[in-house]
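The values are calculated or read from the model by the stated rules, or taken from the named source; none is laboratory data. For clarity, every value in this text was computed on a predicted model and none was experimentally measured. Glycine also receives a Cβ, built like all others from the backbone with ideal geometry; neighbour counts cover every protein chain displayed.
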Amino acid sequence: MTMEAYKYEDGSISYPGHPRGPGGTEPVDTIDLSEYTGEIVTWTTSTATPPGVREPNTLAIVEFDVEGETVRALGQVTTDDVETGDEVEPVYVEELREPGAGIREPESQDWDGYRFQPV
């Protein structure tokens with residue numbers, strides 16, 4: 001599983017990837033952000049989480065420097081012991097939330113993804 005960002009003709013990179021970039025251009029390449037470390041720009045802890053999401057749930061906006069471009073991603077953090085400026089790496093997890101909780105059928109969506117873990 002990759003944490004796939006899209007690179008566009010002008011050199012810009014977006015995560016999550018979009019079918020159209022700046023000026024309406026299509027992506028020219030993909031980049032796996034799980035191969036990079038990033039820095040926490042800001043974070044928060046949610047104590048009123050949706051069904052099936054762990055409580056409390058610490059989330060962070062993480063900034064990656066990829067080929068001279070800045071790419072930001074929002075995601076869960078593996079611990080609540082984080083600070084702005086901490087270096088983190090994406091780590092794959094099979095379930096970001098409990099598939100049986102909530103109103104969606106478990107088979108209707110993917111439940112895996114990435115969390116950020118302090119380095």
Could you check segment 64-86 and list, in sequence order, the residues that are charged (D, E, K, R) and either in a loop (DSSP other than H, G, I, E, B) or touching a Pro at 6+ places or on another chain (Cβ under 7 Å) (or both)?
67, 80, 81, 83, 86
Of the residues in segment 11-38, those that are free of Cβ contacts under 8 Å to residues at least 40 places away in the same chain, of a type in the set (S, T, N, Q) and assigned to a loop (DSSP other than H, G, I, E, B) come to 25
Is there a residue in segment 68-84 that is hydrophobic (A, V, I, L, M, F, W, C) and touching a helix residue (DSSP H, G or I) at 6+ places or on another chain (Cβ under 8 Å)?
yes
Would you point out the residue of segment 1-40, among those that are loosely packed, with under 13 Cβ neighbours inside 10 Å and among the aliphatic types (A, V, I, L, M), that is nearest to residue 86 (Cα to Cα)?
1
Could you pull out the residue among 82, 93, 77 that is at pLDDT below 95 and surrounded by 13 or more Cβ atoms within 10 Å (Cβ to Cβ)?
93
